[in-house]
Amino acid sequence: MNIKAISVNVGKALLVSALFMAISLGVSLLYGRDTGFGPLLISFVITLIVGAFPFIFVRNVPTLTTKDGFVTIVLAWFLSFIFGMMPYVMWGGEFTLVNAWFESVSGYTTTGATILNDIEALPKSLLFWRSSTHYIGGLGVVVFLLLVIPEASPYRLRLTNMEMSALSKDGYRYKSTKVLWVIISVYIGLTVLSCLALWVSGMPFFDAINHAFSIASTGGFSTRNMSVAAFDSVLIDVIAMVFMAFAAIHFGLLYAVVATRSFKPLNNSVVKYYFASILVLTVIIALSLVTDGGYTSWGQAFLDASFNVVSYMSSTGFANCDNSSWPWLAAVILIFISFHCGCSGSTAGGIKIDRLLISFKAISNEIRKRLYPSSVSQVKLGGHSISDGAVSAVMLFIVVYVLVIFASVILVMIFGTDASEALSGVVASIGCVGPGVSELGSLENYSTQLTSAKIIYSFDMFLGRLEIYPVLIVFSMIFRRGR
């Protein structure tokens, strides 16, 4: 393992966090040097020194191997969690050591689950830093690394391939060097447009930029205790919902829409299934709310149902109402959506629609083969044939994903958490959704969860954001080295 090369590239990731800490310091000064200035200043200095330290001793950075690339990814995220929690710990309040860790992991993994009962008690600078962890994590610490790695380096291509889902590569149809700029341009575009739209609709600019960070990263951290519901505006609800829906679509397709000035790139099976799912599940939940949820207005039922479906499916986790007392039918659907989530090639979490579609088609194909043994058929998605190896990889990922959920639920229950609460928390965490259902509903938080449960949930967030395999590969390398 090439320690020098790994340390330099991990240092670059920490310097990105230091940059956003510096911007947060500027926010503190803008608001009269609030109470977040001291913790952020100390955290900035420490993060900057540690991030820059490898550059002092490493002159010529050797080429990394694929194994080193996996270690770099996992270590960059893990150390970002640690340095990202420092401002919280030093500020105090509700931030115990475990709570600060949970909030930092939730931020960088764009989960959006919080332990805070009073978000509005935080100073503006700390609120901005909290949203910044979403923004860094959404685009990916590793994507920031790609900005500073020479284009000619073979490591750049390897790192791109490891950070992005294999299912999303075909949709971009660009060289690896172009992929980075596609991601960044769409990401920044979503941020700017959603910020301006929210601001024009009546949301204060500070709140608008923070919520735009959460929307683009499909994160969910809000500056208000009541999330989006605090603004009590149907227009803001609709704007947030529209941008959340687009943020969970393949970034390559969104880029193609702008580049071709046509919506034809969205005319494929994955996007159709995505919007059809939103429509069908919204109707079912709205019917449930009117018939069994105490809603008397169909309009309000459809607004709340559609907002929650889009919020959970995009894995953003914003709230425009309290869904903790919704009927069990609606709750079960929200759990399914948290398992399901958005499209590959976006910042959304979960298994991804692409994988589910491939699994459905693979099952249908297997049934056809058994009915007609002599027939020759292949799984296709979006007009492209999927190799048997890719299909097997998808099915295996889903199996591993479910096994992680099963093991995590058992562990959380062993430590004393109720079964339904454990299932809700685990599915929401590994899917990077944030809110669950019932006691962990849209306007609830994780402050009352056991310390052991918070640690398990945070590990699930980490696994979910990195799509499990990079973490398992690094653990396997450590185990094999130890043996």
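List of remarks:
- Search result, residues across segment 260-271 that are surrounded by 14 or more Cβ atoms within 10 Å (Cβ to Cβ) and not polar (S, T, N, Q): Pro265, Leu266, Val270, Val271
- Test: Val238 is modelled with pLDDT of 95 or more, over 27 Å from Leu139 (Cβ atoms) and open to solvent by 10 Å² or more (accessible area, probe 1.4 Å): no
- Filter pass, Leu463 being more than 30 Å from Gly293 (Cα to Cα), open to solvent by 50 Å² or more (accessible area, probe 1.4 Å) and of a type outside the set (Val, Ile, Thr): no
- Long-range neighbours under 6 Å by Cβ, at least six apart or interchain, first residue more than 18 Å from Val16 (Cβ to Cβ) and among the acidic types (Asp, Glu) within segment 48-68, second surrounded by 13 or more Cβ atoms within 10 Å (Cβ to Cβ) and modelled with pLDDT under 80: Asp68/Asn2
- Extreme residue, farthest from Gly26 (Cα to Cα), among residues of segment 122-140 that are modelled with pLDDT under 95 and open to solvent by 10 Å² or more (accessible area, probe 1.4 Å): Leu139
- Scan of segment 42-74 for residues that are within 27 Å of the chain's Cα centre (by Cα), open to solvent by 60 Å² or more (accessible area, probe 1.4 Å) and closer than 15 Å to Tyr88 by Cα, ordered by number: Ile46
- Residues (open to solvent by 10 Å² or more (accessible area, probe 1.4 Å) and in contact with a Pro (Cβ under 6 Å, 6 or more places away or on another chain)) located in segment 75-106: Met90, Trp91
- Enumeration of residues in segment 1-23 that are in contact with a Pro (Cβ under 8 Å, 6 or more places away or on another chain) and in a helix (DSSP H, G or I): Lys4, Ala5, Ser7, Val8, Val10, Gly11, Met21
- Residue pairs meeting the criteria (Cβ under 6 Å; at least 6 apart or on separate chains; first in contact (Cβ under 8 Å) with a residue 40 or more places away in the chain, in segment 226-243; second in a helix (DSSP H, G or I) and of a type in the set (S, T, N, Q)): Phe243/Ser194
- Residue ID - nearest to Ile278 (Cα to Cα), chosen from residues in segment 243-253 that are among the hydrophobic types (A, V, I, L, M, F, W, C) and open to solvent by less than 20 Å² (accessible area, probe 1.4 Å): Ala245
The values are calculated or read from the model by the stated rules, or taken from the named source; none is laboratory data. Predicted, not measured: the structure shown is a model, and the values here were computed from it. No Cβ is skipped: glycine too gets one built from the backbone with ideal geometry, and neighbour counts run over all protein chains shown. When the accessible area is computed, the model is the full protein with side chains, heavy atoms only, and any ligands, DNA or RNA have been set aside. Shrake-Rupley method; radii C 1.70, N 1.55, O 1.52, S 1.80 Å.
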